[in-house]
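Worksheet: the structure to be examined is printed underneath.
The values are calculated or read from the model by the stated rules, or taken from the named source; none is laboratory data. If you're wondering where the values come from, they're calculated on a predicted model, not measured in any experiment. Here the Cβ positions follow ideal geometry from the backbone for every residue, glycine too, while neighbour counts run over all protein chains shown.
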Amino acid sequence: MQKLFIKNRQEQKISVIVEEATPARGLAFVMHGLGGFKEQPHLQVIADAFLRHGYTVVRFDTTNTLGESDGTYEQATTTNYLQDLEDVIVWASQQPWYHEPFCLVGHSLGGICTALYAQRHPRKVKALAPISTVVSRELSVAASGEEAMALWKKHGWKVEESRSKPGVMKRLPWSFVEDGMQYDLLPKAKALTMPVLLAVGELDETTPAPHQKILFDALPGKKELHVIRGAPHTFHDPKHLDAIKKIFDRWIVKWS
């Protein structure tokens, strides 16, 4: 495993982990969600699945999250997460282990970012797995509820404790919602012709299963949708992590 820091287009540091497979049959990028970080258990499980099947894996902390990269959570936007993904891929393209087409995996906000990238560059993407993905800001607003969104807009901030880093309070401005309104996977879903894996927790209230089904129905190619029994938005429980492991192991075999 190699851990290093690279620069994004704003000259901010991005923390990157590269796990090389030898010999490598391909490359996969694995991206966290809003306020996440590259060492989260569900991301490690997914990375391990690709490594088992001979894929070099790149994980990274976006800027403006709770990881090791520059920036603060209060400045997080969908735009900055997407740009950081693009910048990591550009950096990777200059490395000796780079392979194209590559695989993209993202959780939640990372899910919509990886899918947006795949829509824009379909020939570069061999397979796509947006897990518990944001589908559109409109659906995310609907999931949060009108009252909660009205309070967020009125007060200007949403404050909650991180589940992945207990004791850390996350403060997110209303401008995050305004930025996200420009992103929607549904209008160009037909561009996602590569194999696509969708998975979501049965108890997910942030990106619920019905929203994943809307995206699933719009996809044109080989696709799967798995609802993980009893799981919330982010997978922590060993039995849910084991379910993700098995889903990815079976899926990778199908198109590798």
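Where in the range 101-174 are there helices (runs of 4 or more DSSP H), lying wholly inside it, with at least 1 residues that are under 20 Å from Ala191 (Cα atoms) and under 19 Å from the mean Cα position of the chain (by Cα)? Can you show your working first?
On the way: elements: 109-120, 137-144, 146-155.
So the answer is 109-120, 137-144.
Every test in (1) more than 29 Å from Ile46 (Cα to Cα); (2) modelled with pLDDT under 95 is passed by Met169 save one, and that test is (1). Please tell me if Gln83 is polar (S, T, N, Q) and part of a helix (DSSP H, G or I). In short, yes. Gly156: at pLDDT below 95 and on the phi > 0 side of the Ramachandran plot, yes or no? Judged against the criteria, Gly156 is not a match.
The residues in the range 86-100 that are under 14 Å from Val57 (Cα atoms) and either assigned to a loop (DSSP other than H, G, I, E, B) or free of Cβ contacts under 8 Å to residues at least 24 places away in the same chain (or both) can be counted, and the count is 7. As for the range 39-52, it holds at least one residue that is closer than 21 Å to His240 by Cα and part of a loop (DSSP other than H, G, I, E, B). Of the numbered criteria (1) closer than 19 Å to Ala143 by Cβ; (2) touching a Phe, Trp or Tyr at 6+ places or on another chain (Cβ under 7 Å), the one Pro208 fails is (2).
Condition first: without any contact (Cβ under 8 Å) to a residue 60 or more places away in the chain, under 21 Å from Thr207 (Cα atoms) and in contact with a Ser or Thr (Cβ under 9 Å, 6 or more places away or on another chain). Can you find one or more residues in the range 49-61 that meet it? The answer is no, given that none of the residues of the range 49-61 is without any contact (Cβ under 8 Å) to a residue 60 or more places away in the chain, under 21 Å from Thr207 (Cα atoms) and in contact with a Ser or Thr (Cβ under 9 Å, 6 or more places away or on another chain). Of the set (1) free of Cβ contacts under 8 Å to residues at least 24 places away in the same chain; (2) within 30 Å of Glu20 (Cβ to Cβ), all apply to Ala148 but (2). Right, Phe29: out of contact with any strand residue (DSSP E or B) (no Cβ under 8 Å at 6 or more places or on another chain), surrounded by 18 or more Cβ atoms within 10 Å (Cβ to Cβ), in contact (Cβ under 8 Å) with a residue 24 or more places away in the chain and not acidic (Asp, Glu) or not? No; evaluated as a whole, the condition is false for this residue. In the range 53-64, how many residues are touching a Gly at 6+ places or on another chain (Cβ under 6 Å), of a type outside the set (D, E, K, R) and either assigned to a loop (DSSP other than H, G, I, E, B) or more than 20 Å from Tyr117 (Cβ to Cβ) (or both)? Qualifying residue count, the range 53-64: 2. Please verify whether Leu66 is in contact with a helix residue (DSSP H, G or I) (Cβ under 9 Å, 6 or more places away or on another chain), among the hydrophobic types (A, V, I, L, M, F, W, C), at pLDDT below 95 and buried (at least 17 other Cβ atoms within 10 Å of the Cβ), treating the condition exactly as stated. Spelling it out, Leu66 is indeed in contact with a helix residue (DSSP H, G or I) (Cβ under 9 Å, 6 or more places away or on another chain), among the hydrophobic types (A, V, I, L, M, F, W, C), at pLDDT below 95 and buried (at least 17 other Cβ atoms within 10 Å of the Cβ).
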